[in-house]
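S.K.: Pasting a structure below so you can have a look.
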Amino acid sequence: MNVRAVLFLGLLLVLLALPDVGADAQSLRSTPDPNVLSYPNVNAEVSSDATPLLMSNSPETPRQSGLLYRDTTQGEARVVAYHANGLGVRARLVVLARNVSAQPVSLTTRRRGTAMTHGPDPLTGQRTLLRYFASRALPSGLLAPGEARLLYTSEPLPLGAVASAMLDVHSTGATRISVVLLASDRPLTPETLDALPVLTRDAHHQRGTFPGANRTLRIVLPGETARVTLGHADDLTLSGQDALSGDQQVLRGHFGVQYTLEVQGAANSQLGISARGGAYRGVLNVEDGARTAALLVGAGAALKDASTPALLWHARSDTLRLTFVPANGSHLPLALLFYRGLAKSGFAAPGPPPGSDDRLHWRVP
């Protein structure tokens, strides 16, 4: 079996393991709606926690083996790495943790999602998020002082291939997280890793540590069709610091930030989504009473036309809980649309087939 077949089989198994979701399901209906921006934009009550986000995305395409990012954390932390191989030879993207305290440290990976594609593609971010949301905590382990543990190592990346990883980790003491790109013919040993140079940031991407990785939005919907926009100009960007250079940084694109939307007044609305900033392909988790699903945003192909929303879900409960992380390789903002009375607006979606669970994503190609 070749590498591409193995990757496809792995993705299919992950999709089948997700609760209440079809393998690369197709949208039931995407219909032009020129009125997207005319619907009232609902304000949200926003709160954030202090969880740090360690972002490694610069240089995005390293030309030599080296250290891409490193910082020390304790407690909860999220790590996001997104890099292409520019070495000219096969290389591995590696994330590792080392206990830098004087006492043993308990380390747990609570969630992990990874993906690899043969070049930049919005599918990379979607695959990463599918696996991240489907993952479960790995067994905890103790690290002795100075001891290191691999959290992730990619398959060998051909020239131009992209690797993406998102991990939630918890440590009981000071733990240094490092992200490196290493030529595949070099041994993955402490001596090799310690001798790697720190790679200089490029001019277009970002790296740094940003407090506030989890954001909660509390929303009360009106009785009419309305929208909630994520990633727009008023959506607070995270400020942080590049731990390698000391430079102040701003997290453009909100990548790695988890949004939890607690939506009231959703009963009998239909949830749609409109890509407002360019191509988008990702995942949106929904909890609707006892029903849950991981919805593919851009199923089969990225959403691109801002005036052609994709319908995702028919809400039955008054309260919806939506979980969303911006996908690597895609673009914000996104408008979440809560439609009322679609038949009257000319943007009607037919009902779900008998025996379905009201999802508007169900067909498996």
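Throughout, read-outs are computed from the coordinates displayed, never taken from laboratory work. Values in this document were obtained by computation on a predicted structure and should not be read as measured data. Counting neighbours? That spans all protein chains shown, and the Cβs are built from the backbone with ideal geometry, glycine included.
S.K.: Quickly rank 258-270, 140-152 as a protection proxy: mean count of other C-beta atoms within 10 Å, highest first. Mind showing how you got there, number by number?
M.R.: Numbers: 258-270: 18.8, 140-152: 14.5.
In descending order of packing, they fall as 258-270, 140-152.
S.K.: When DSSP beta bridges are limited to those with both residues in the chain, what percentage is antiparallel, rounded to the nearest 5?
M.R.: So the antiparallel bridges in the chain amount to around 90 percent.
S.K.: Here's something else I'd like to know. For the chain, what is the calculated [θ] at 222 nm in deg cm²/dmol (nearest 500), taking -39500 (n - 2.57) for each run of four or more DSSP H residues and dividing by its residue count? Show your work: numbers first, answer last.
M.R.: Numbers: 4 runs with 37 residues, N = 365.
About -3000 deg cm²/dmol.
S.K.: Return the ratio Rg/(2.2 N^0.38 Å) for region 52-211, where Rg is computed over Cα atoms only.
M.R.: On the way: Rg = 14.8 Å, N = 160, 2.2 N^0.38 = 15.1 Å.
Here the answer is 0.98, to two decimals.
S.K.: About the Cα centre of the chain, what is the dipole size in debye to 20, counting +1 per Lys and Arg Cβ and -1 per Asp and Glu Cβ, all else neutral? Could the numbers behind the result be given before it?
M.R.: On the way: 33 positive and 28 negative charges, 103 e Å.
Its charge dipole is roughly 500 debye.
S.K.: I've got another one for you. Work out how much length Ala203 to Leu138 would gain on full extension: take 0.36 nm times their residue separation and subtract the Cα-Cα distance, in nm to one decimal.
M.R.: Numbers: separation 65, 0.36 × 65 = 23.40 nm, distance 3.64 nm.
Stretched fully, the Ala203-Leu138 segment lengthens by 19.8 nm.
S.K.: I'd like the distance between the alpha-carbon centres of region 250-308 and region 34-55, rounded to an integer number of Å.
M.R.: Here the two parts' Cα centres lie 12 Å apart.
S.K.: Which angle from 0 to 90°, rounded to the nearest 10, does the C-alpha axis of helix 122-134 make with the longest principal axis of the chain?
M.R.: It works out to around 90 degrees.
S.K.: Return the sequence-ordered ³J(HN,Hα) values of region 326-333 in whole Hz as given by the Karplus equation 6.51 cos²θ - 1.76 cosθ + 1.60 applied to θ = phi - 60°, using x for Gly and Pro.
M.R.: Those phi angles translate into x, 8, 4, x, 10, 10, 9, x Hz.
S.K.: Through the Karplus equation 6.51 cos²θ - 1.76 cosθ + 1.60, θ set to phi - 60°, convert the phi angles of region 220-235 into ³J(HN,Hα) values in whole Hz; use x for Gly and Pro.
M.R.: Listing the rounded values in order: 10, 7, x, x, 10, 4, 8, 9, 10, 9, 10, x, 7, 4, 8, 7 Hz.
S.K.: Now, a different point. At 7 Å along the Cα-to-beta-carbon direction for both His232 and Arg340, put a label point, then send me their distance in nm to one decimal.
M.R.: Reported label-point gap for His232 and Arg340 is 1.9 nm.
S.K.: What angle, in degrees between 0 and 90 and rounded to the nearest 10, separates the Cα long axis of helix 3-17 from the longest principal axis of the Cα atoms of the chain?
M.R.: Taking the Cα atoms of the chain, the angle to 3-17 is about 50 degrees.
S.K.: Hey, rough spin-label estimate for Arg316 and Thr192, points 7 angstrom out along Cα→Cβ, what's it come to in nanometres?
M.R.: 5.3 nm
S.K.: Here's another thing I want to ask about it. Region 118-256: D in µm²/s via Stokes-Einstein (Kirkwood Rh, Cα pairs, 10 °C, 1.306 mPa s)? Write out the running numbers ahead of the final one.
M.R.: On the way: Rh = 18.8 Å.
Rounded, D is 84 µm²/s.
S.K.: To continue, here is another question. Order of 229-238, 54-63 by packing, highest average Cβ count within 10 Å first?
M.R.: Working: 229-238: 15.8, 54-63: 22.7.
So the order, starting with the most tightly packed, is 54-63, 229-238.
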